[in-house]
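As structure tokens, the structure follows; a few thoughts come after it.
The values are calculated or read from the model by the stated rules, or taken from the named source; none is laboratory data. It should be emphasised that the depicted structure is a prediction, and the values quoted were computed from it without experimental measurement. All Cβ positions, glycine included, derive from the backbone under ideal geometry; neighbour counts span all protein chains shown. Ligands, DNA and RNA are stripped out before the accessible areas are found, and what is left, the full protein with its side chains, is counted by its heavy atoms. Shrake-Rupley method; radii C 1.70, N 1.55, O 1.52, S 1.80 Å.
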Amino acid sequence: MAKQTRDAEFTEFVAARALWLRKVAYLLCGDWHRADDLVQESVTKLYVRWSRLSRLENLDGYARTVLVNTFLAEQRSPWGRWAARRRTGAVPEPAAAGPDLDLSVDLRRALAALPPRQRATVVLRHYCDLTVEQTAAALGCSTGNVKSQTSRGLDALRRSLDQQDRQDRQHRQDRQDRTDLPNLRDLRPAVPVEGAAS
């Protein structure tokens, strides 16, 4: 009977937090399929420890920490390094259909280009709204490390977005220059040529 109650509590927790965990995982890895794998692995780790965890005050924080640590461990593994080399750098299509603003695509692309620890600190600080201390606890590092990783990550994001903005402006200018070509009718001689059809 206790196992059924435990399983029911766990199922309720996962059902309520799965979408949120998946979004955090996507921001960390930049791929919906990998995000699903990270969430699945994290949920499995939570289930194994659930009898002890269900009494925690901040279960969401613990789940987020497990997810981030799972992501970072994957990045350090030979498989993670191999997968990182195989990536093309392109932003994968979102799993759910809907409008995708250019800025969010650029931001996702820039976020995916960050090193894993910088990406984790930026996501935890600015998407999950954790304090420096909470982020340090989640990552198992010092607050100074969190501050420097966040600063470097935000600087890299700014540079990447500025570069993308310059490229977009240049692309728009190039398109405008092509559309500013004179109409062929405007190239006709001002004075009619004898014998030319009118």
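So here's what we get for this one:
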read-out	value
SER160 - accessible surface, heavy atoms, 1.4 Å probe, Å² rounded to 10	40 Å²
Protein-only accessible surface order, largest first, of TYR47, TYR127, TYR26 at 1.4 Å	TYR127, TYR47, TYR26
Label zone at THR5, where the point sits 7 Å out along the Cα-to-Cβ direction: segment 46-75 residues whose backbone N lies under 17 Å	50-56
Per residue value of the accessible surface for segment 1-67 (all protein chains in place, 1.4 Å probe), Å²	58 Å²
Sequence of GLU74, GLU12, GLU57 from largest to smallest accessible area, 1.4 Å probe	GLU57, GLU12, GLU74
Cα point-scatterer Debye curve for segment 6-46, base-10 log of I(q)/I(0) at q = 0.17 Å⁻¹	-0.42
Sequence-distant residues sharing a close amide H with ASP31 (under 5 Å, placed H)	none
Ranked order, LEU107, LEU161, LEU46, LEU59 - accessible area, probe 1.4 Å, largest first	LEU107, LEU161, LEU59, LEU46
Whole-Hz ³J(HN,Hα) from phi, Karplus 6.51 cos²θ - 1.76 cosθ + 1.60, for segment 168-173, glycine and proline x	5, 4, 5, 4, 5, 5
